[in-house]
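Below: one structure, written as structure tokens.
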């Protein structure tokens with residue numbers, strides 16, 4: 001039963017993020033995705049160590065590297 005409940009919550013989350021436009025590459029009218037925006041917010045004005053960010057946000061290194069690469073463009 002727990003697996004079905006988890007699947008139901010995930011379906012709900014996907015629906016809400018899709019309807020809110022959070023998966024759009026132009027989230028909130030910017031030229032970046034939600035993931036890129038989130039990472040830049042966490043980096044902040046003072047900068048941040050990518051290892052700390054990966055651990056704090058629970059992201060894998062490949063995803064963070066791709067986000068950083070896109071954010072520089």
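The values are calculated or read from the model by the stated rules, or taken from the named source; none is laboratory data. Keep in mind it's a predicted model, so treat the numbers as computed, not measured. No Cβ is skipped: glycine too gets one built from the backbone with ideal geometry, and neighbour counts run over all protein chains shown.
Annotations
- Yes/no for residue 55 being assigned to a helix (DSSP H, G or I) and modelled with pLDDT of 80 or more: yes
Yes/no per residue for (1) at pLDDT 85 or above; (2) over 13 Å from the mean Cα position of the chain (by Cα):
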{"residue": "3", "(1), (2)": "yes, yes"}
{"residue": "9", "(1), (2)": "yes, yes"}
{"residue": "20", "(1), (2)": "no, yes"}
{"residue": "27", "(1), (2)": "no, no"}
{"residue": "33", "(1), (2)": "no, no"}
{"residue": "36", "(1), (2)": "no, no"}
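- The range 58-73 - residue that is part of a helix (DSSP H, G or I) and surrounded by 14 or more Cβ atoms within 10 Å (Cβ to Cβ) and, of those, modelled with the highest pLDDT: 64
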